[in-house]
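The values are calculated or read from the model by the stated rules, or taken from the named source; none is laboratory data. No experiment lies behind these values; they were computed from the predicted model shown. So basically every Cβ, Gly included, is an ideal-geometry build from the backbone, and we count neighbours across all protein chains shown. Remember, those area values only see protein heavy atoms, side chains included, never the ligands or the DNA or RNA. Shrake-Rupley method; radii C 1.70, N 1.55, O 1.52, S 1.80 Å.
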Amino acid sequence: LPHVRYLPPISEKTLPDLDDGVWYLNARFKTSAGLGPVSSFKFQIDTKLPQDFQISRVDNDINNRRPELLFSTKDELSGVDHYEMKIGDRDWFNIDESIAGKPYSLPMMGEGDYKVTVKAVDGAGNYSIASLQVTVIKNPNAWPDTIGKIFDYIINILSRGGLFIAFVIALVGLLLAL
């Protein structure tokens, strides 16, 4: 093993110009009791971004209010840790990397054009970004807006376990629609 001995001992060391990859540092510490055992420290250097990638819409149905997207990328050194997504001006939210390469359904969306941005973040914090313009239009065969909105609200409440409240709201909504 190559080694360097520092007299007097040092408390820190900068290692300039290391290439990307896995490196090991072996150190032996000296205390008032003498020399300790050799300790090994593994560290990784990753300055490269994850590979460029594309987002595609797999449902190809502009009437779908929960568009399905597909995206995936790789990072050779530290791997993709997670994805982050932003829809329009909304805040970023995390998506587990295990969904990569599988259709991902966006949250329920109203009519309009949305810029969907996905950020692939590797284990070292480097990231690549891809974007896609997603359009959702009103389905002419859908229920009228008022009934559709009431239906969406009921589904939302039911998904939270509010069966009685959903029933009351449905009843009021139907009476108002008449």
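Miscellaneous remarks
- Within the stretch 1-37, considering residues that are within 27 Å of Ser78 (Cα to Cα) and not in a loop (DSSP other than H, G, I, E, B), the one farthest from the chain's Cα centre (by Cα): Ala27
Yes/no matrix, rows are residues, columns are (1) in contact (Cβ under 8 Å) with a residue 24 or more places away in the chain; (2) acidic (Asp, Glu); (3) under 29 Å from Ile87 (Cα atoms); (4) open to solvent by 90 Å² or more (accessible area, probe 1.4 Å):
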| site | (1), (2), (3), (4) |
| --- | --- |
| Pro9 | no, no, no, yes |
| Asn26 | yes, no, no, no |
| Leu35 | no, no, no, yes |
| Ser40 | no, no, no, no |
| Gln44 | yes, no, no, yes |
| Pro50 | yes, no, yes, no |
| Gln54 | yes, no, yes, yes |
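- Residue match in the stretch 137-149 (condition: modelled with pLDDT under 95, exposed (fewer than 12 other Cβ atoms within 10 Å of the Cβ) and at positive phi): no
- Residues that are within 15 Å of Phe93 (Cβ to Cβ) and open to solvent by less than 10 Å² (accessible area, probe 1.4 Å), drawn from the stretch 111-129: Val116, Val118, Ala120
- Within the stretch 92-103, the set of residues being of a type in the set (Phe, Trp, Tyr) and open to solvent by less than 50 Å² (accessible area, probe 1.4 Å) is empty.
- Residues that are part of a strand (DSSP E or B), within 21 Å of Gly123 (Cα to Cα) and out of contact with any Ser or Thr (no Cβ under 9 Å at 6 or more places or on another chain), drawn from the stretch 38-49: Phe41, Lys42, Phe43, Ile45
- Matching entry among Asp20, Asp52, Asp96 (being touching a His at 6+ places or on another chain (Cβ under 8 Å) and within 19 Å of Tyr127 (Cα to Cα)): Asp96
- Counting only residues that are surrounded by 12 or more Cβ atoms within 10 Å (Cβ to Cβ), under 14 Å from the mean Cα position of the chain (by Cα) and either at pLDDT below 90 or in a loop (DSSP other than H, G, I, E, B) (or both), the stretch 70-91 holds 4 of them.
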